[in-house]
Amino acid sequence: MNPLRVYCESFGCQMNAYDTDVIESILEERGHAIVRTPDAADCIIVNTCSVRDHAEQRAIGRLLDLSRHRDAVLVVCGCMAQRLGSALFDIVPAVRIVAGTDSYALLPDAIAAAVREGGRFAFLEMDEAGAYEAPASKANGGVSRYVSITKGCENYCSYCIVPYLRGKVRSRSADSIIRETSSVVAGGAKEVTLLGQNVIAYRDGRVDFCGLAGRILAETEVSRLRFLTSHPRDVDAAVFELMAIERRFCSHIHLPVQAGSDRILAAMNRGYTRETYLGKLREARRIVPGIAVTTDIIVGFPSETDDEFGQTLDLVREARFDAAFTFQYSPRGGTAASAMSDDVSAGKKKERLLALNEVVQEERARILQAQLGSRAEILLDGAAQKGEYRSLKGRTPEFRNVLVPPDSLNDGDIVPVVLKRLVNFTFEGELAARK
Ligand code: SAH
Ligand code: SF4
Ligand code: F3S
């Protein structure tokens, strides 16, 4: 088959960004070319998200827009493809292939068939018993890379559609994760983020998450290791202890709390209370002084009262989050919460979101300001241009953004800086002498 020009776009979480990379490398291996605009593409692939209604509406809007490219085979994959299946052919008539979250390996043949013979194809089967062997993503692709270690989720938080769309938890073999990490590091990556819906659930025989992280640090040359996401119920001292002894294991944890009231946390089926959550944070900070914590929070879960929402605000004041991603509850068909009445009005949800964001920003400013004057090692990962002024961007191990003057530095360098100023939650730093 003649090589095709394929254009990919990714919505949703880091898992989708990683999967899109994998899809691109599967297609490249078959001799196709990845192009950076849809204009001259023979095939357009959109990797989609279903986590909130808004995410689906955006993806559908974009698919309708991309339908203008009449000569290209339009493909939808990812979570919305898994959820809506062949109904997508009616919603966006130009769609030719719908590929669910376990069917990416089938894409090259399906695309070839659609180009050759026309027609429509839907692949929605989930392979929940199968081994999870992600084909390695491209070796060469930047300073900071994702490596997926698990697929799926079995936590069934009552609001969440992900377990229905990504299937049961499957862990990739430690050997294959190490091979991929070595390969992206050989291709220039300095930092690797291990991905999964709940990475702490990782298990390969006797190797658990900490065992895996320990092996990666021992057997690869990766300069920085991160992970996303961990469930507060599962994370324990072992993770923090590894962080405390391994300088390359970055002192940042994304630990979604979701709500501050015990009644709402129970209704969400989160498996922890406000106090056990705060207890984990205390433990983290005792073992890893200076660890940065970020979180996700939902407002307007069914039946959430003003007082219960107030408990979320109090928790944010107490928890010292570096940052929080905040969302208005969006009912997802088929989840346990969708059987409850979505009784917090749209106006009230919006009001709570604004009030929450205000407290989140206040706390964020307070925590970042306390860092002024301190030293940090930043990993440079690109340039930032503000008018005439060009600077380099970097991140601290705590995932804080820092700009430094360009000097003679390169992407991928890890350099010591002193944090001098804070502008819009980004530090401006000065290069410091190495200790
Ligand atoms: N596996 C990850 C989360 C994936 S979804 C974890 O458990 O941390 C990312 C975030 O979206 C969730 O943490 C939650 O805050 C939010 N979210 C999920 N379902 C939602 C819904 N139905 N309405 C609003 N926000 C939702
Ligand atoms: Fe969804 Fe909960 Fe699983 Fe996260 S842990 S993906 S919020 S079900
Ligand atoms: Fe969205 Fe699926 Fe990720 S629903 S958040 S793309 S797992």
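What's the number of the condition Arg62 fails, among (1) open to solvent by 50 Å² or more (accessible area, probe 1.4 Å); (2) part of a strand (DSSP E or B)?
Of everything listed in (1) open to solvent by 50 Å² or more (accessible area, probe 1.4 Å); (2) part of a strand (DSSP E or B), Arg62 misses just condition (2).
Looking at this structure, is Phe325 within 13 Å of ligand 1 (Cβ to nearest atom), in contact (Cβ under 8 Å) with a residue 12 or more places away in the chain, touching an Asp or Glu at 6+ places or on another chain (Cβ under 8 Å) and not acidic (Asp, Glu)?
yes
Of everything in the stretch 238-283 that's more than 26 Å from Glu308 (Cβ to Cβ) and assigned to a helix (DSSP H, G or I), which residue is farthest from the chain's Cα centre (by Cα)?
Ile245
If a residue has to be within 16 Å of ligand 1 (Cβ to nearest atom) and surrounded by fewer than 20 Cβ atoms within 10 Å (Cβ to Cβ) to count, how many in the stretch 281-307 make the cut?
Count: 4.
Scan the stretch 313-354 for residues that are within 16 Å of ligand 3 (Cβ to nearest atom) and in a helix (DSSP H, G or I) and jot them down.
Within the stretch 313-354, Ala337, Ser338 qualify.
So, in the stretch 37-65, exactly how many residues are more than 20 Å from Ala112 (Cα to Cα) and not hydroxyl-bearing (Ser, Thr, Tyr)?
Looking only at that region, the number is 16.
Of the residues Ala213, Ala189, only one is assigned to a loop (DSSP other than H, G, I, E, B) and surrounded by 18 or more Cβ atoms within 10 Å (Cβ to Cβ); which?
Testing whether each residue is assigned to a loop (DSSP other than H, G, I, E, B) and surrounded by 18 or more Cβ atoms within 10 Å (Cβ to Cβ) leaves just Ala189.
Check whether at least one residue in the stretch 226-240 is farther than 25 Å from Met268 by Cβ, in contact with a Lys or Arg (Cβ under 8 Å, 6 or more places away or on another chain) and not assigned by TED's automatic domain parsing to the domain that holds Arg395, and report yes or no.
The answer is no; no qualifying residue exists.
Which condition number in (1) within 16 Å of ligand 3 (Cβ to nearest atom); (2) of a type outside the set (Phe, Trp, Tyr); (3) in a loop (DSSP other than H, G, I, E, B) is the one that Pro163 fails?
Unmet for Pro163, out of (1) within 16 Å of ligand 3 (Cβ to nearest atom); (2) of a type outside the set (Phe, Trp, Tyr); (3) in a loop (DSSP other than H, G, I, E, B): (3).
Quick check on Tyr156: is it within 16 Å of ligand 3 (Cβ to nearest atom), part of a helix (DSSP H, G or I), open to solvent by 30 Å² or more (accessible area, probe 1.4 Å) and out of contact with any Asp or Glu (no Cβ under 9 Å at 6 or more places or on another chain)?
Here the answer is no, as Tyr156 does not meet what is asked.
How do the pairs read when you match residues in the stretch 1-19 that are at negative phi with residues anywhere that are away from ligand 1 (no atom under 16 Å from the Cβ) and aromatic (Phe, Trp, Tyr), using Cβ under 8 Å and keeping only pairs 6 or more apart or on different chains?
Asp19/Tyr104
Name the residues in the stretch 172-198 that are out of contact with any His (no Cβ under 9 Å at 6 or more places or on another chain) and either within 15 Å of ligand 2 (Cβ to nearest atom) or not assigned by TED's automatic domain parsing to the domain that holds Pro302 (or both), would you?
If the condition is that a residue be out of contact with any His (no Cβ under 9 Å at 6 or more places or on another chain) and either within 15 Å of ligand 2 (Cβ to nearest atom) or not assigned by TED's automatic domain parsing to the domain that holds Pro302 (or both), then Leu195, Gly196 are the ones that fit.
The values are calculated or read from the model by the stated rules, or taken from the named source; none is laboratory data. This one's a predicted model, so the numbers in the text were calculated from it and none came from an experiment. So basically every Cβ, Gly included, is an ideal-geometry build from the backbone, and we count neighbours across all protein chains shown. Remember, those area values only see protein heavy atoms, side chains included, never the ligands or the DNA or RNA. Shrake-Rupley method; radii C 1.70, N 1.55, O 1.52, S 1.80 Å.
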